[in-house]
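One structure is given here, and the rest of the page talks about it.
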């Protein structure tokens, strides 16, 4: 079996175990990003209780960690050696940085773990938090970016931080909406108004992920 197929099949099994429905591209349907944003619950952020260890991440799937799988998925050129891409490059959408050294890149949760916690994940089971933290079923959940841009972003939402690479604005806010929709996470009022403002300069159609069940 081709390794990519094995990853997809194994991931589907993992996500079903964790109560998550994996997306397939054929199931994605375009929708207006503003409409999708408006469908999200609006609520003040939950205060307190977050700890990164509550989200078990970079688990092994089909022998590779989630981090390795994202690097494999986003590699430009090169070849696969076990769980490592060789002679490849990676591009950081946040700041336009390229590298041939994957160790200089982080894997970012486009909706940060603390943001997820504050937006509803504080109610979740440990298995659901693990599924969120390792979600390969939606391409916009995880992204390889330069370590400096990831740490600049930290746990901020689009009202507080946006990618310095302005050509990534539309992709980023749609990814944010998509992740929050997929996991039925809330937005606060300032976050929502900021995203609506940012969307004014964007094509509004976006692919809609399946809901995590």
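The values are calculated or read from the model by the stated rules, or taken from the named source; none is laboratory data. Everything numeric here is computed off the predicted structure, so don't read it as measured data. Glycine also receives a Cβ, built like all others from the backbone with ideal geometry; neighbour counts cover every protein chain displayed.
Here are the numbers for the structure shown:
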{"read-out": "Search result, residues across the stretch 159-170 that are touching a residue at least 12 places away in the same chain (Cβ under 8 Å) and part of a loop (DSSP other than H, G, I, E, B)", "value": "159, 162, 163, 164, 165"}
{"read-out": "Residues (in a helix (DSSP H, G or I) and either free of Cβ contacts under 8 Å to residues at least 12 places away in the same chain or over 13 Å from residue 34 (Cβ atoms) (or both)) located in the stretch 199-213", "value": "none"}
{"read-out": "Residue 190 being touching a residue at least 12 places away in the same chain (Cβ under 8 Å) and touching a helix residue (DSSP H, G or I) at 6+ places or on another chain (Cβ under 9 Å)", "value": "no"}
{"read-out": "Residues within the stretch 54-82 that are in a strand (DSSP E or B) and crowded, with 18+ Cβ neighbours inside 10 Å, tallied", "value": "2"}
{"read-out": "Residue 121 closer than 25 Å to residue 35 by Cβ, modelled with pLDDT of 95 or more, buried (at least 22 other Cβ atoms within 10 Å of the Cβ) and more than 13 Å from the chain's Cα centre (by Cα)", "value": "yes"}
{"read-out": "Residue that is surrounded by fewer than 16 Cβ atoms within 10 Å (Cβ to Cβ), modelled with pLDDT of 50 or more, on the phi > 0 side of the Ramachandran plot and assigned to a loop (DSSP other than H, G, I, E, B), where the choices are 49, 19", "value": "49"}
{"read-out": "Output for the stretch 99-130, where each listed residue is under 18 Å from residue 177 (Cα atoms) and in a helix (DSSP H, G or I)", "value": "113, 114, 115, 116, 117, 118, 121"}
{"read-out": "Enumeration of residues in the stretch 83-95 that are surrounded by fewer than 18 Cβ atoms within 10 Å (Cβ to Cβ), in a loop (DSSP other than H, G, I, E, B) and in contact with a helix residue (DSSP H, G or I) (Cβ under 8 Å, 6 or more places away or on another chain)", "value": "83, 95"}
{"read-out": "Residue that is surrounded by the most Cβ atoms within 10 Å (Cβ to Cβ) [pool: residues in the stretch 199-213 that are touching a helix residue (DSSP H, G or I) at 6+ places or on another chain (Cβ under 8 Å) and farther than 20 Å from residue 116 by Cα]", "value": "206"}
{"read-out": "Members of the stretch 61-82 that are modelled with pLDDT under 95 and out of contact with any helix residue (DSSP H, G or I) (no Cβ under 8 Å at 6 or more places or on another chain)", "value": "63"}
{"read-out": "Residue check for residue 144: touching a residue at least 12 places away in the same chain (Cβ under 8 Å), over 23 Å from residue 68 (Cα atoms) and outside any helix (DSSP H, G or I)", "value": "no"}
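Residues are listed down the side, and each one gets a yes or a no for (1) more than 30 Å from residue 190 (Cβ to Cβ); (2) in contact (Cβ under 8 Å) with a residue 12 or more places away in the chain:
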{"position": "65", "(1), (2)": "yes, yes"}
{"position": "91", "(1), (2)": "yes, yes"}
{"position": "97", "(1), (2)": "no, yes"}
{"position": "103", "(1), (2)": "yes, no"}
{"position": "121", "(1), (2)": "no, yes"}
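Let's see how each residue does on (1) assigned to a helix (DSSP H, G or I); (2) surrounded by fewer than 19 Cβ atoms within 10 Å (Cβ to Cβ):
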residue: 157; (1), (2): no, no
residue: 173; (1), (2): yes, no
residue: 178; (1), (2): yes, no
residue: 182; (1), (2): yes, no
residue: 194; (1), (2): yes, yes
residue: 197; (1), (2): yes, yes
